[in-house]
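Beneath this line is the structure, given in structure tokens, with notes to follow.
The values are calculated or read from the model by the stated rules, or taken from the named source; none is laboratory data. Computed from a predicted model, the values in this text were never measured in an experiment. Glycine gets a Cβ as well: all are built from the backbone with ideal geometry, and neighbour counts include every protein chain shown.
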Number of protein chains: 2
Amino acid sequence: MSVPLSLLALLSQGPAYGARIKADFEERTGRAFPLNVGQVYTTLARLERDGLVVADGGPDDEGRIPYRLTDAGRAEVGTWWERPVDRTEPARDELVMKLALAVATPDVDAHAVIQHQRTAAMAHLQRLTRAKLALSAPGSPPQTEPVPTPTSLSDEVVLEHRLYAVESELRWLDHVEGLLLHRRAPQSAPAPSVTLPSAASATAAPSAARPAPDPSTPISRPAAPDTRH
Amino acid sequence: MSVPLSLLALLSQGPAYGARIKADFEERTGRAFPLNVGQVYTTLARLERDGLVVADGGPDDEGRIPYRLTDAGRAEVGTWWERPVDRTEPARDELVMKLALAVATPDVDAHAVIQHQRTAAMAHLQRLTRAKLALSAPGSPPQTEPVPTPTSLSDEVVLEHRLYAVESELRWLDHVEGLLLHRRAPQSAPAPSVTLPSAASATAAPSAARPAPDPSTPISRPAAPDTRH
DNA sequence: GAAAGACGGTATACCGAGTATGTATGCCGT
DNA sequence: ACGGCATACATACTCGGTATACCGTCTTTC
């Protein structure tokens, strides 16, 4: 759903042929999203069908077929940059479905599911952290690099996103575990006064990158694995 | 990619026919993931083809065709609950691609992209918060509900996930903005000592739902929209 | 100096997810 | 009895994604 727009965005920098577009795309997204060449051609075909792109003449003497944006295509890119991506509908995330099903299904130990996911997430977090360190210091010893941008900004952008995502996922898992404990033993307080963890703080001061301490779940857990690389 | 497994999970509670499965699925995932009926049937067909499920005899007197798990299917569900969902590869998220492209493309004002996304995210956060409040107190005044579980746990699980996700996204946007400022004016500190926002704290004490204050980006931003009710 | 093969580029076939639409049937209410 | 509606099943289609086939050129190697 985002690949077509990405291709348009790349073409807005000038005409290019399929393989070059693929290379550019991967380069500019931190090589985090390997793009199958086939997809590039089928997508280009669809874009051409929709009048957003045109083949700029037949194959040149080296067999390449450059494509360029039409005016409609250029407009499309423009609005893409302006319009925020839609987050209003929930994103069919496997983990969310799985956990929602788990807590709603008898015979399933939701706690165990959470535990498994959590240890995996922590391992993943470790991996990402290591990657980040490697990113900031590519050649191990020298930090006196003459190049001011030794690593691409794109790399960092996607890496950071993954870091924030795992971290958030961990907190969410903790929170759900807390919910489970409450529900299982709704001791004296039947009313679901469910702590409003992030929401309260975030709405109170959403402009600052305010954390969401979740006081309701001081769940004990296996010790953190060795953290340094 | 997760719907087939979900259907198997539902069938593990006993045989059911297509439409019933759809209803169950939506019920147990907080009605956040509307599932097209057609998809249920095609998925069931594939599952039957793969031997994970069998039609339990022809249509009954009301035209329904119940399916039940095979042993292989049951095993599949078992391993699904045990195996954490894979987060090792980056999840083709439109926003991530878009922003990675934006920062790597001249002629594109990445700051503006971030701004647009941020205001949208804040509006969304507000909406979710409102939904959460409505969830905890469905009938407005009385909190003396006799029912201990007036709202389904599944609802809460997916709602909370969305809250954590937006919040994390906001922090990430802030962080990227910080990166942009650094890169644009790499004043006296050329070495990218990039603050390790979440990673450091999360690995230091991952068991507590520890927040990840990002001290590097005290970016000013438009005031928070009205937050209450 | 030609066969073999690596390489770069294009194109097609295939699968699964997801959506829209069609069709049969039973149950109403008038 | 008939129109309308709900229920359940089924098919057709689009799109994202992967694998693979194909074709020309350049290089290697005997």
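In this structure, residue A:34 does not satisfy being within 14 Å of chain B (Cβ to nearest Cβ), assigned to a loop (DSSP other than H, G, I, E, B), within 13 Å of DNA strand C (Cβ to nearest atom) and under 30 Å from residue A:162 (Cα atoms). Pairing residues of region A:21-34 that are more than 12 Å from DNA strand D (Cβ to nearest atom) with residues that are among the aromatic types (Phe, Trp, Tyr) and not in a helix (DSSP H, G or I), at Cβ distances under 9 Å and at least 6 apart in sequence or on separate chains, gives A:21/A:67. If I go through region B:61-88 residue by residue, how many of them are more than 14 Å from every other protein chain (Cβ to nearest Cβ) and more than 15 Å from DNA strand C (Cβ to nearest atom)? Residues meeting the conditions: 7.
Could you tell me which of the residues A:47, A:35, A:99, A:8 is aliphatic (A, V, I, L, M), at pLDDT 90 or above and under 30 Å from residue B:128 (Cα atoms)? Only one candidate qualifies: A:99. Among the residues of region A:1-24, those that are aliphatic (A, V, I, L, M), surrounded by 16 or more Cβ atoms within 10 Å (Cβ to Cβ) and within 9 Å of chain B (Cβ to nearest Cβ) comprise A:3, A:5, A:9, A:10. Kindly indicate whether any position in region A:85-95 is buried (at least 20 other Cβ atoms within 10 Å of the Cβ) and within 11 Å of DNA strand D (Cβ to nearest atom). No: zero hits.
One residue stands out among those in region B:35-52 that are among the hydrophobic types (A, V, I, L, M, F, W, C) and without any contact (Cβ under 8 Å) to a residue 40 or more places away in the chain: the one that is farthest from DNA strand D (Cβ to nearest atom), which is B:35. When we screen A:85, A:113, A:77, A:103 for residues that are not in a helix (DSSP H, G or I) and not small (Gly, Ala, Ser), the only hit is A:85.
Only one of the numbered conditions (1) within 30 Å of residue B:163 (Cβ to Cβ); (2) acidic (Asp, Glu); (3) exposed (fewer than 15 other Cβ atoms within 10 Å of the Cβ) is violated by residue A:50, and that is (1). In the set (1) of a type in the set (Gly, Ala, Ser); (2) within 16 Å of DNA strand C (Cβ to nearest atom); (3) more than 10 Å from chain B (Cβ to nearest Cβ), the condition left unmet by residue A:91 is number (3).
What about residue B:119, is it among the polar types (S, T, N, Q), at pLDDT 95 or above and farther than 30 Å from residue A:131 by Cα? So residue B:119 fits the description; yes. Screening region A:65-81 for residues that are of a type in the set (D, E, K, R) and surrounded by 13 or more Cβ atoms within 10 Å (Cβ to Cβ) and picking the one that is nearest to DNA strand D (Cβ to nearest atom) gives A:76.
Of note, residue A:44 does not satisfy the criterion of being away from DNA strand C (no atom under 13 Å from the Cβ), more than 14 Å from chain B (Cβ to nearest Cβ) and either surrounded by 14 or more Cβ atoms within 10 Å (Cβ to Cβ) or over 28 Å from the mean Cα position of the chain (by Cα) (or both).
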